[in-house]
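*Asks:* Pasting in a structure now, in structure tokens, and then I'll have a few things to ask.
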Amino acid sequence: MKGNIVRRLYDWVLHWAHTPYGTPALFLLALAESSFFPIPPDVLLIALAVSVPARAFKYAFVCSLGSVIGGAIGYGIGYVLWYTSDGGFSGFARFFFDYIPGFTQEVFNLVKGKYDENAFLAVFTAGFTPIPYKVFTIAGGVCKVNFLEFILASAIGRSLRFFLVAGIIWKFGEPMTRWIDRYFNKLAILFTILLIGGFIVIKLLLK
């Protein structure tokens with residue numbers, strides 16, 4: 001549809017692949033999404049990789065690196081800034097509960113419970129699936145899980161996710177580009193549903 005905002009946003013994101021700023025933008029988006037930003041980096045990763053399939057794995061590496069570093073920042077937020085000196089939620093924590101979509105106290109408490117069962121599996125699952133990764137990074141810091149284990153699980157989960165996307169685009173190249181271009185609006189809706197569904201998964205499967 002002409003003038004469609006989502007379509008125009010896609011075209012705007014896609015043009016970064018032809019500038020010196022596409023890769024830095026991908027890194028910063030991946031970093032921010034892992035700790036506080038609500039929009040996942042997959043959309044920009046796909047746009048860049050589709051535009052230049054030969055660089056797909058480079059973009060996946062940049063996205064993975066930014067995401068893991070962002071996860072470490074989220075861990076630090078939980079470790080240092082989440083509680084006040086008397087044990088209550090800090091203003092920083094309440095900001096997340098009030099303004100980050102889906103980041104509710106109920107979801108946060110469910111995620112904390114998963115760390116008591118298997119911290120590595122919890123972080124890996126959140127890193128690879130549409131389950132909101134940022135909730136797990138912050139909860140990891142709050143629960144003071146082993147940092148090296150946290151980073152390892154994050155690196156494996158995030159890399160598998162982003163390199164899988166890059167591999168599909170690299171393998172199928174131009175046909176995949178045309179297919180995404182044709183069905184982008186429907187894919188954007190599906191991606192949004194998956195993002196929202198991630199929070200539902202936490203409630204239904206992580207109890």
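The values are calculated or read from the model by the stated rules, or taken from the named source; none is laboratory data. On a predicted model such as this, the values are computed, not experimentally measured, just so you know. Methodologically, a virtual Cβ is constructed for each residue, glycine included, from the backbone with ideal geometry; neighbour enumeration extends over all protein chains shown.
*Asks:* Identify the residue in the stretch 64-104 that is touching a Ser or Thr at 6+ places or on another chain (Cβ under 8 Å) and part of a loop (DSSP other than H, G, I, E, B) and, among all such residues, is farthest from A166 (Cα to Cα).
*Replies:* Going through the qualifying residues, I end up with T84.
*Asks:* So which residues in the stretch 138-148 are crowded, with 19+ Cβ neighbours inside 10 Å, assigned to a helix (DSSP H, G or I) and not β-branched (V, I, T), if there are any at all?
*Replies:* Matches in the stretch 138-148: A139, G140, G141.
*Asks:* Now for a different question. Got a number for residues in the stretch 17-60 being crowded, with 17+ Cβ neighbours inside 10 Å, aromatic (F, W, Y) and within 17 Å of G167 (Cα to Cα)?
*Replies:* So the answer is 1.
*Asks:* Taking the stretch 118-134 as the search range and keeping residues that are among the β-branched types (V, I, T) and buried (at least 20 other Cβ atoms within 10 Å of the Cβ), which one is farthest from Y99 (Cα to Cα)?
*Replies:* V123
So that you can scan it fast, the table gives a plain yes or no per residue for (1) surrounded by fewer than 16 Cβ atoms within 10 Å (Cβ to Cβ); (2) over 16 Å from F36 (Cβ atoms); (3) at pLDDT 75 or above; (4) charged (D, E, K, R):
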| position | (1), (2), (3), (4) |
| --- | --- |
| V107 | no, no, no, no |
| D116 | yes, yes, no, yes |
| F136 | no, no, yes, no |
| F150 | no, yes, yes, no |
| A155 | no, yes, yes, no |
| A166 | no, yes, yes, no |
| R178 | yes, yes, no, yes |
| I200 | yes, yes, no, no |
| L205 | yes, yes, no, no |
